[in-house]
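Everything on this sheet refers to the single structure shown next.
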Amino acid sequence: MSLKGKVALVTGSTSGIGLGIALALAQAGADIMLNGLPDAAAADAAIQKVTAYGVRAGFSAADLSTSAGARDLVRATHDELGGCDILVNNAGIQHVAPIAEFPDDKWDLILSLMLTAPFQLVKAAAPAMQAKKWGRIINISSAHGKVASARKSAYVAAKHGLVGFNKVTALEYAGTGVTSNCICPGWVLTPLVQQQIDALAAHDNLDANAAKSKLVLEKQPSGDFATPDQIGQLALFLCSDAASQITGTEISIDGGWTAQ
Ligand code: NAD
């Protein structure tokens, strides 16, 4: 499949799942707008990996916890790369605490970044996709968009909210050539999850491997992580003509987590 001539904006793509998706789309020929809040070395490394596929890459450190940041990012994608045919809403963070102790500012930050930013990005990007009669919106939700875990109230609320927002997007753009879908990963070994492994190791006095196994097996029957590349390949499929009638769905890639 070729995405030559298409431009993909992937939020939070300097690391983890977002980078995996950016590389899968770049390998298929799409020009890529990278985004994230990394140090300069990580941003340069991401740009180099993408351009190694012979495509154009832009980078923006737009802070997507603000609506202005989200709007600016779409504008920058059009200015630098000439359009935005594929939008991947991926940027995210985690904070783990019981509701009674959950800090208000963390709740606001998670909801802003992981629910309001996708709304602002779709609002800014989808009309031009509709005008071109082709577009792909891919929202990275989570197993936590379908089921809950204790101590992750803001994250679970944002991911469930994203599943609902995705359905509305799909209905409003149905028949226009623009599709909107959620990918719902289970555990993927990225910096976001490494923090949780480190916290578990410290809390339960486990070594790194034991903590990793305990974390995965508690939720994911396959006993193994999915990889950023596997998420990227699923995103790539959703960009194909074969997926033109897939819209408004939430597709799990979770080793059986939500089958339970
Ligand atoms: P990660 O920490 O590796 O990457 C997060 C990315 O988001 C980075 O590029 C970071 O710079 C960017 N980011 C953070 N705050 C930002 C902000 N305010 N503005 C712009 N960019 C910002 O995390 P990951 O594990 O790759 O997670 C990516 C997405 O996948 C998240 O939405 C996460 O909820 C979701 N997810 C992850 C897993 C998993 O197991 N890792 C499972 C399900 C869903």
Residue check, LEU111 against (1) away from the ligand (no atom under 11 Å from the Cβ); (2) of a type outside the set (Phe, Trp, Tyr); (3) more than 15 Å from the chain's Cα centre (by Cα); (4) surrounded by fewer than 18 Cβ atoms within 10 Å (Cβ to Cβ), all met but one. Which one?
(3)
Among the residues of the range 33-42, write down those that are surrounded by 15 or more Cβ atoms within 10 Å (Cβ to Cβ) and more than 9 Å from the ligand (Cβ to nearest atom).
MET33
Out of the range 1-24, which residues are out of contact with any Gly (no Cβ under 7 Å at 6 or more places or on another chain) and either under 14 Å from ALA42 (Cα atoms) or in a helix (DSSP H, G or I) (or both)?
GLY16, ILE17, LEU19, ALA22
Mind checking which residues of the range 220-231 are in contact with a Leu (Cβ under 6 Å, 6 or more places away or on another chain) and either under 15 Å from VAL88 (Cβ atoms) or in contact (Cβ under 8 Å) with a residue 60 or more places away in the chain (or both)?
none
All but one of (1) over 24 Å from ALA26 (Cβ atoms); (2) more than 14 Å from the ligand (Cβ to nearest atom); (3) touching a residue at least 60 places away in the same chain (Cβ under 8 Å); (4) of a type in the set (A, V, I, L, M, F, W, C) hold for TRP257; which doesn't?
(2)
Could you please find all residues in the range 188-215 being under 20 Å from the mean Cα position of the chain (by Cα), hydrophobic (A, V, I, L, M, F, W, C) and not in a loop (DSSP other than H, G, I, E, B)?
VAL188, LEU192, VAL193
Does the range 45-56 include one or more residues that are more than 18 Å from PRO191 (Cβ to Cβ), assigned to a loop (DSSP other than H, G, I, E, B) and within 13 Å of the ligand (Cβ to nearest atom)?
no
Qualifying residues in the range 10-32 (those that are within 12 Å of the ligand (Cβ to nearest atom) and of a type in the set (A, V, I, L, M)) - the one surrounded by the fewest Cβ atoms within 10 Å (Cβ to Cβ):
LEU19
Which residues, counting only those in the range 216-233, are more than 30 Å from ALA125 (Cβ to Cβ) and not in a helix (DSSP H, G or I)?
GLN220, PRO221, SER222, GLY223, ASP224, PHE225
Consider only pairs whose beta carbons are under 7 Å apart and that are at least six residues apart or on different chains; among these, list those whose first residue lies in the range 32-55 and is of a type in the set (D, E, K, R) and whose second residue is within 13 Å of the ligand (Cβ to nearest atom).
LYS49/LEU23
Scanning the range 71-86 for residues that are closer than 26 Å to ALA157 by Cα and either in a loop (DSSP other than H, G, I, E, B) or more than 9 Å from the ligand (Cβ to nearest atom) (or both) gives ARG71, ASP72, VAL74, ILE86
Residue check, SER60 surrounded by fewer than 24 Cβ atoms within 10 Å (Cβ to Cβ), of a type outside the set (Phe, Trp, Tyr), within 16 Å of ALA22 (Cα to Cα) and in contact with a helix residue (DSSP H, G or I) (Cβ under 6 Å, 6 or more places away or on another chain):
yes
Across the range 169-212, which residue is surrounded by the fewest Cβ atoms within 10 Å (Cβ to Cβ) among those that are of a type in the set (S, T, N, Q) and over 22 Å from LYS123 (Cα atoms)?
ASN205
For the range 87-102: of the residues being of a type outside the set (Gly, Ala, Ser) and more than 16 Å from the ligand (Cβ to nearest atom), which is farthest from the chain's Cα centre (by Cα)?
GLU101
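Any read-out appearing in this document is the output of simple, stated calculations on the displayed coordinates, not a laboratory observation. Remember, it's a predicted structure, so these values are computed and weren't measured experimentally. Positions of Cβ are generated from backbone atoms using ideal geometry, with glycine treated the same way; all protein chains shown enter the neighbour counts.
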